[in-house]
1. If only one of Ala87, Ala54 is under 14 Å from Pro41 (Cα atoms) and out of contact with any helix residue (DSSP H, G or I) (no Cβ under 9 Å at 6 or more places or on another chain), which one is it?
2. From Ser30, Ser86, grab the single residue that is modelled with pLDDT of 85 or more and small (Gly, Ala, Ser).
3. For region 96-122, enumerate the residues that are open to solvent by 70 Å² or more (accessible area, probe 1.4 Å), assigned to a loop (DSSP other than H, G, I, E, B), of a type outside the set (A, V, I, L, M) and within 25 Å of Ala71 (Cα to Cα).
4. If I filter region 54-75 down to residues being of a type in the set (A, V, I, L, M) and more than 14 Å from the chain's Cα centre (by Cα), which single residue comes out as most open to solvent (accessible area, probe 1.4 Å)?
5. Would you mind telling me which numbered condition in (1) open to solvent by less than 80 Å² (accessible area, probe 1.4 Å); (2) not in a helix (DSSP H, G or I) Ala51 fails?
6. Does Ala93 qualify as being modelled with pLDDT under 85, assigned to a helix (DSSP H, G or I) and open to solvent by 30 Å² or more (accessible area, probe 1.4 Å)?
7. Sort out which residues of region 76-90 are assigned to a loop (DSSP other than H, G, I, E, B) and open to solvent by 40 Å² or more (accessible area, probe 1.4 Å), and write them in order of number.
8. So, in region 54-74, exactly how many residues are touching a residue at least 12 places away in the same chain (Cβ under 8 Å) and either more than 16 Å from Asp126 (Cβ to Cβ) or assigned to a helix (DSSP H, G or I) (or both)?
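The values are calculated or read from the model by the stated rules, or taken from the named source; none is laboratory data. Just so it is clear, the model here is predicted, and its values are computed rather than measured. Quick reminder, even Gly has a Cβ in these numbers, built from the backbone with ideal geometry, and neighbours come from all protein chains shown. Areas reflect the complete protein model, heavy atoms only, side chains present, ligands, DNA and RNA absent. Shrake-Rupley method; radii C 1.70, N 1.55, O 1.52, S 1.80 Å.
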Amino acid sequence: MSNRAACDLMRVQSPADIRLPSAPENTWCSPRTAAAAPDRPVYDNDVMAVAGVATAAELGFSVPEDVSVVAWEDSALCRLVKPWLSALSRDSAEFGRMAARELTVLLDGGPDRTVRVPVPRLIGRDGTGPARES
(Lines give C-alpha, C1' and ligand atoms only; values in the text may rest on other atoms or scores of the structure.)
Protein backbone atom coordinates (compact mmCIF):
# COMPACT_ATOMS: atom_id res chain seq x y z
CA MET A 1 0.00 0.00 0.00
CA SER A 2 1.39 3.42 -0.87
CA ASN A 3 1.95 6.16 1.72
CA ARG A 4 -0.87 8.18 0.13
CA ALA A 5 -3.28 5.23 0.26
CA ALA A 6 -2.31 4.59 3.90
CA CYS A 7 -2.89 8.25 4.75
CA ASP A 8 -6.27 8.18 3.02
CA LEU A 9 -7.16 5.01 4.92
CA MET A 10 -6.22 6.72 8.19
CA ARG A 11 -8.03 9.97 7.29
CA VAL A 12 -4.85 12.07 7.59
CA GLN A 13 -2.93 14.41 5.32
CA SER A 14 0.51 13.01 6.21
CA PRO A 15 1.99 10.23 8.38
CA ALA A 16 3.02 12.91 10.91
CA ASP A 17 -0.69 13.42 11.71
CA ILE A 18 -1.13 9.87 13.03
CA ARG A 19 -1.20 9.62 16.83
CA LEU A 20 0.12 6.45 18.46
CA PRO A 21 -1.55 5.83 21.83
CA SER A 22 0.60 3.25 23.61
CA ALA A 23 -0.90 3.07 27.07
CA PRO A 24 -4.45 2.97 28.42
CA GLU A 25 -4.22 6.54 29.70
CA ASN A 26 -3.53 7.67 26.11
CA THR A 27 -6.47 5.83 24.55
CA TRP A 28 -10.21 5.68 24.77
CA CYS A 29 -9.80 3.18 27.58
CA SER A 30 -9.29 6.13 29.98
CA PRO A 31 -10.73 8.67 30.36
CA ARG A 32 -14.02 7.58 28.85
CA THR A 33 -15.24 10.90 27.54
CA ALA A 34 -16.26 11.97 24.09
CA ALA A 35 -13.98 15.01 24.39
CA ALA A 36 -10.97 12.69 24.74
CA ALA A 37 -11.92 10.59 21.72
CA PRO A 38 -9.40 10.63 18.84
CA ASP A 39 -10.77 10.08 15.34
CA ARG A 40 -7.94 7.90 13.99
CA PRO A 41 -6.06 6.08 16.75
CA VAL A 42 -3.34 3.54 16.00
CA TYR A 43 -3.09 1.15 18.95
CA ASP A 44 0.20 -0.53 19.78
CA ASN A 45 -1.41 -3.96 20.00
CA ASP A 46 -4.52 -5.86 19.07
CA VAL A 47 -5.97 -5.98 22.60
CA MET A 48 -5.86 -2.20 23.00
CA ALA A 49 -7.37 -1.74 19.52
CA VAL A 50 -10.30 -3.98 20.46
CA ALA A 51 -10.71 -2.04 23.72
CA GLY A 52 -10.75 1.16 21.66
CA VAL A 53 -13.56 -0.20 19.47
CA ALA A 54 -15.57 -1.19 22.55
CA THR A 55 -15.09 2.22 24.15
CA ALA A 56 -16.01 3.98 20.91
CA ALA A 57 -19.30 2.07 20.94
CA GLU A 58 -19.89 2.99 24.61
CA LEU A 59 -19.40 6.65 23.69
CA GLY A 60 -21.85 6.39 20.80
CA PHE A 61 -19.27 6.39 18.01
CA SER A 62 -19.37 3.98 15.11
CA VAL A 63 -16.30 2.29 13.61
CA PRO A 64 -15.47 3.13 10.84
CA GLU A 65 -18.12 5.78 10.14
CA ASP A 66 -16.98 8.10 12.99
CA VAL A 67 -13.53 6.76 13.76
CA SER A 68 -10.93 4.57 12.07
CA VAL A 69 -9.06 2.06 14.26
CA VAL A 70 -5.72 0.44 13.40
CA ALA A 71 -3.75 -2.11 15.42
CA TRP A 72 0.06 -1.89 15.35
CA GLU A 73 0.24 -5.71 15.38
CA ASP A 74 -2.00 -8.02 13.38
CA SER A 75 -3.48 -11.14 14.96
CA ALA A 76 -6.54 -13.36 14.79
CA LEU A 77 -8.15 -11.04 17.35
CA CYS A 78 -8.23 -8.28 14.72
CA ARG A 79 -10.51 -10.56 12.67
CA LEU A 80 -12.69 -11.71 15.57
CA VAL A 81 -14.04 -8.26 16.45
CA LYS A 82 -16.65 -6.56 14.29
CA PRO A 83 -15.75 -4.66 12.25
CA TRP A 84 -12.50 -6.43 11.39
CA LEU A 85 -9.62 -4.14 12.33
CA SER A 86 -7.01 -2.81 9.95
CA ALA A 87 -3.53 -3.68 11.19
CA LEU A 88 0.17 -3.62 10.44
CA SER A 89 1.51 -7.02 9.46
CA ARG A 90 5.09 -8.20 9.84
CA ASP A 91 6.94 -11.42 9.07
CA SER A 92 7.63 -12.26 12.70
CA ALA A 93 9.50 -15.47 11.86
CA GLU A 94 11.92 -13.64 9.57
CA PHE A 95 12.36 -10.88 12.16
CA GLY A 96 13.23 -13.56 14.74
CA ARG A 97 15.73 -15.23 12.38
CA MET A 98 17.43 -11.88 11.73
CA ALA A 99 17.61 -11.13 15.45
CA ALA A 100 19.07 -14.57 16.18
CA ARG A 101 21.72 -14.16 13.45
CA GLU A 102 22.75 -10.74 14.76
CA LEU A 103 22.86 -11.99 18.35
CA THR A 104 25.05 -14.92 17.28
CA VAL A 105 27.44 -12.51 15.54
CA LEU A 106 27.68 -10.42 18.72
CA LEU A 107 28.20 -13.49 20.94
CA ASP A 108 30.98 -14.63 18.61
CA GLY A 109 32.75 -11.29 19.15
CA GLY A 110 31.58 -9.61 15.97
CA PRO A 111 30.83 -5.90 15.74
CA ASP A 112 27.45 -4.42 16.53
CA ARG A 113 25.80 -3.00 13.45
CA THR A 114 22.60 -1.53 12.12
CA VAL A 115 20.45 -4.03 10.28
CA ARG A 116 17.52 -3.23 8.02
CA VAL A 117 14.35 -5.13 8.83
CA PRO A 118 11.41 -5.56 6.49
CA VAL A 119 8.90 -2.71 6.62
CA PRO A 120 5.49 -3.79 7.94
CA ARG A 121 2.57 -3.57 5.55
CA LEU A 122 -0.80 -2.08 6.33
CA ILE A 123 -3.69 -4.48 5.89
CA GLY A 124 -6.81 -2.42 5.34
CA ARG A 125 -9.97 -3.99 6.69
CA ASP A 126 -13.42 -2.77 7.74
CA GLY A 127 -12.10 -0.93 10.83
CA THR A 128 -11.01 2.05 8.74
CA GLY A 129 -13.13 4.26 6.57
CA PRO A 130 -12.33 6.68 3.76
CA ALA A 131 -10.88 10.08 4.48
CA ARG A 132 -13.51 12.70 5.15
CA GLU A 133 -13.70 16.06 3.48
CA SER A 134 -12.66 18.85 5.86
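1. Ala54 is the lone residue from the list that is under 14 Å from Pro41 (Cα atoms) and out of contact with any helix residue (DSSP H, G or I) (no Cβ under 9 Å at 6 or more places or on another chain).
2. Criteria check complete, one pass: Ser86.
3. Those that are open to solvent by 70 Å² or more (accessible area, probe 1.4 Å), assigned to a loop (DSSP other than H, G, I, E, B), of a type outside the set (A, V, I, L, M) and within 25 Å of Ala71 (Cα to Cα): Arg116, Pro118.
4. Restricting to residues being of a type in the set (A, V, I, L, M) and more than 14 Å from the chain's Cα centre (by Cα), the top hit is Ala57.
5. (2)
6. Considered against the rule, which asks whether it is modelled with pLDDT under 85, assigned to a helix (DSSP H, G or I) and open to solvent by 30 Å² or more (accessible area, probe 1.4 Å), Ala93 comes out as no.
7. Residues satisfying the conditions are Leu80, Lys82, Trp84, Arg90.
8. Here the count works out to 7.
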